[in-house]
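Here, each number is a calculation from the coordinates, and none is a lab measurement. Owing to the predicted nature of the structure, the values given are computational and were not obtained by experimental measurement. Cβ atoms come from the backbone with ideal geometry, glycine included; neighbour counts cover every protein chain shown.
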Amino acid sequence: MLKKEKTPLPSLKSLKIMQGGFSEKKERAEVLNHSLIVRRVATHLARELKAAGEDIDLRIVSEAALLHDVGKQKEGKKDVSHPKEGVRILKDAGFSKEIIEIVGIPHFPQKKEELDNWEKRIVFYADLRVGQNIVSLDDRLKDIAKRWIPEKKITQKEMDKAKEIAKDVEQEIFSKLDIEPDDILDLSMPRAERYLRAIAERNLEDRAIKFFKGFREK
Ligand SMILES: [Fe+2]
């Protein structure tokens, strides 16, 4: 087992994009909460996998996990899928190709080849372990199916295929680790996330800048 690397913070630019673009306060709070927990799960898994010898860029995971739902800012608009909208927003803001590709993954990919690196698989999987809290993959998929199938956002067949891919990714991740999927259910909030939340909620820009300069997450 290699020494665990520190988790890089996302950039202040990402946090501001996440915080700034939502017109509705409740939606912003929910998307931010979800995204920060997805980041918590994704960076945890990424560090563990990296310590187990896998080649993973933690900075990309940290940033892309926070940004993965950025396109929800425009989802109200008809015919706009949030991954596509996310890609547009991040291209305009000059983000790297690696991050844009992760944000552009469809919520329910139909081919595992779309998840062709660890960073993509980790963020995709973490998103399917988090609603407003960390849950099991089955609970999350059931919850999504209950809302999305009646709304015709996805068919049962597409859902089944996506589920098969998600289970496969879960198996791939945990086959490399000494922990089980249930062991991340009570992953506690890291100190950095507490700061990120405070900055996002209270718009503490001057403190944020100091924080981003000086903070090193464990
Ligand atoms: Fe998400």
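The table below gives the values:
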{"read-out": "Potential extension, LEU185-ASN133 segment - 0.36 nm per residue separation minus Cα distance", "value": "17.9 nm"}
{"read-out": "Long-range HN-HN contacts of VAL130 with modeled amide H, under 5 Å", "value": "VAL135"}
{"read-out": "Contour excess over end-to-end distance, with Cα ends at GLN156 and LYS142 and 0.36 nm allotted per residue", "value": "3.9 nm"}
{"read-out": "Low-density loop cleavage sites - trypsin sites (Lys or Arg not before Pro) in region 37-142, where at most 16 other Cβ are within 10 Å (DSSP)", "value": "LYS77, LYS78, LYS111"}
{"read-out": "At R0 = 22 Å, FRET efficiency that the Cβ-Cβ distance of LYS4 and ARG194 yields, to 0.05", "value": "0.65"}
{"read-out": "Descending Cα extents along the principal axes, the chain, whole Å", "value": "49, 47, 31"}
{"read-out": "Cα lying deepest toward the dipole's positive end in region 134-193, options LEU177, SER136, ILE165, charges on Cβ", "value": "ILE165"}
